[in-house]
1. Given R₀ = 41 Å, FRET efficiency for GLN90-GLN245 by Cβ-Cβ distance, to 0.05?
2. Relative to the present Cα-Cα distance, how much length would full extension add between LYS102 and ALA23 at 0.36 nm per residue of separation?
3. What is the gain in length, in nm to one decimal, between ASN197 and ALA172 on full extension, counting 0.36 nm per residue of separation less the C-alpha to C-alpha distance?
4. What whole-number distance in Å separates the alpha-carbon centres of segment 236-254 and segment 149-172?
5. Counting other C-beta atoms within 10 Å, and keeping those with at most 14, which DSSP coil GluC sites (Glu not before Pro) do you find in segment 37-119?
6. With N denoting the number of residues in the chain, provide Rg(C-alpha) divided by 2.2 N^0.38 Å, to two decimal places.
7. Provide the net charge surrounding GLU254, with neighbours chosen by a C-beta distance below 12 Å and charges set as Lys +1, Arg +1, Asp -1, Glu -1.
8. What is the sum of charges, Lys and Arg at +1 and Asp and Glu at -1, for the other residues whose Cβ falls under 13 Å from the Cβ of ILE127?
Amino acid sequence: MRIIFIGASGMLGKPVVRELINAGHDVSLLARDPVKLQRLFPNAKLLKGDVFDKESLLNVFSNADLVYLNLSVHPTSKEKDPQPEREGVQNIIEAAKEKNIKRVAYLSSLIKNYEGMNGFRWWAFQIKQKAVDAIKSSGLPHTIFYPSTFMETLPYQMMRGNKIMLLGKSIAPMWFIAADDYARQVKRSFEIAGGQNKEYDIQGLEPFTFDEAVKIFIENYQKEKIKAMKFPIGPIRLFGKFNQQMNYGVNICEALNRYPEKFESETTWAELGKPTITLAAFASRL
C-alpha cells in the first residue's frame, strides 16, 4: 500500500511509521522541512508539503492509496491561529478527493469526549470533534482511531529531569496504551479495511489513575531514581490566563483527571489484536 504519513516526527508518529515500513508498505513522510525529518528516518521517502498549502498536497497525493493523519493542537497556539486539525484537515480532504485517495486514517482521541461534561468547554476539543465530523462526512473511506492515554506521556511529556509532574487530582482511571501496541493495531487495520469505514477505540490492558500509573512507572523505571511532584491546579489555572501553554496544560490535565473512561475496545481487540505491553514492562524497557 502506498501511504503518505502526515505528522511522523512526534512520539506517536515514529512507532507507526516504523511498523508500516517493516510491514512492507511504501511509506512517504510529508514535511515542511524534509531535511530535518531525514535525521529521524534516514531510509524513508520524504515529500515536501504543508497541510496549510493545498497545492502542495495535490502535488504529492497523486501516487498514494492512503493518507494517515497524526495532527494536534500546538500547546502555544490560540483558537484563531491556523490549526492543522481544522484548516489543515479541510485542505487534506479536498486534495484527497481530487486525487482519488482510497482511504484517510486519522488519530483522534477518547479524552475529547470530556467536552461538555461537568461544565467543561475547550476549543481544542471542539476542533478535534469537528475534524472527525469533517472526515466522516467527506465521502472518503476512512479509519478513525480514538486512543486512551499513551504510556509515552509519562516519560516524554510529564517528566522534567528526574521528576514526574502531576497537576491536580486524578480521579478517573485511564486504560494506558503503549504506542508500539497502537502501531501494530494501525498496521492490522489497513490490512483488513477493504472499502469499509472503521472507527476503533484504542485502550491498553490495565486502567490506572495518573497517581497509580506514576507509582508503577517509578517502581519499574531502571535508568535513574525518579520521584513524583504534585501541584494544585488552581494556581496554574490562574497563570494560564496569561500563558497559553499553561492554559493548554490545565485544560488537558483536567480532562485526563476527570473523564470517566470505560473499557470499549472489545471490537478493536477482536479485529486488530490485543495489546501486549503492560505499564510496568514499558517503564522497565526504557
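Rule-based calculations on the coordinates, nothing more; no lab input. Note that the structure is a prediction, hence the values are computed from the model and not measured. As a convention, Cβ positions derive from the backbone with ideal geometry for all residues, glycine included, and neighbour counts pool all protein chains shown.
1. Between GLN90 and GLN245 the formula returns 0.95.
2. Going from the current span to full extension adds 26.5 nm.
3. 5.9 nm
4. Segment 236-254 and segment 149-172 have Cα centres spaced 15 Å from each other.
5. Hits after loop and neighbour filter: GLU79.
6. 1.00
7. Working: positive: ARG121, LYS169, ARG237, ARG258; negative: GLU115.
Taking every Cβ under 12 Å from that of GLU254, the sum is +3.
8. Working: positive: LYS78, LYS80, ARG86, LYS112, ARG121, LYS128, LYS130; negative: GLU79, ASP81, GLU85, GLU87, GLU115, ASP133.
Summing Lys and Arg as +1 and Asp and Glu as -1 gives +1.
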